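First up is the structure itself, then whatever we jot down about it.
The values are calculated or read from the model by the stated rules, or taken from the named source; none is laboratory data. Because the structure is predicted, anything quoted here is derived from the model rather than measured. Using ideal geometry, Cβ is built from the backbone for each residue, glycine included, and neighbour counts are taken over all protein chains shown. Heads up: the accessible areas ignore ligands, DNA and RNA and are worked out on the full protein's heavy atoms, side chains in. Shrake-Rupley method; radii C 1.70, N 1.55, O 1.52, S 1.80 Å.
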Amino acid sequence: MSAFSENLKICRKRLQRSQEVVAVQCGMSSMSYRRYESGEREPTLSKLCVLADYFGITLDQLAGREPLPFKAD
């Protein structure tokens, strides 16, 4: 699993949201979101920006280039 996929999962679980809820609130299909989180696919830059904004983190943090601003549970 990539750092991006792992960080996506950590951020979602921190907010205690389901994959479906995050997908709908970010304007994507739940299947697309599941594939991003499992590492099967990578989102476009515009979707990455939406996800980073949704979770309140930077693109570098989401991609794993910088540490997340909180501890993983």
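Are there any pairs with C-beta distances below 6 angstrom linking a residue in segment 39-52 that is more than 15 Å from A3 (Cβ to Cβ) to a residue that is open to solvent by 80 Å² or more (accessible area, probe 1.4 Å) and charged (D, E, K, R), with the two at least 6 apart or on different chains, and if so which?
Sorted first by the residue in segment 39-52, then by its partner, the pairs are R41/R35.
The rows are residues; the columns are (1) at pLDDT 95 or above; (2) assigned to a loop (DSSP other than H, G, I, E, B); (3) surrounded by 16 or more Cβ atoms within 10 Å (Cβ to Cβ); (4) β-branched (V, I, T).
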position: L8; (1), (2), (3), (4): yes, no, yes, no
position: V24; (1), (2), (3), (4): yes, no, no, yes
position: R34; (1), (2), (3), (4): yes, no, no, no
position: S46; (1), (2), (3), (4): yes, no, no, no
position: I57; (1), (2), (3), (4): yes, yes, yes, yes
position: R65; (1), (2), (3), (4): yes, yes, no, no
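What number of residues within segment 10-22 satisfy the criterion of being open to solvent by 50 Å² or more (accessible area, probe 1.4 Å) and in a helix (DSSP H, G or I)? Steps first, answer last, please.
Looking only at segment 10-22, we keep the residues that are open to solvent by 50 Å² or more (accessible area, probe 1.4 Å), and these are 13-17, 20-21.
With the extra rule that they be in a helix (DSSP H, G or I), the set shrinks to 13-14, 20-21.
Residues in segment 10-22 being open to solvent by 50 Å² or more (accessible area, probe 1.4 Å) and in a helix (DSSP H, G or I): 4 in total.
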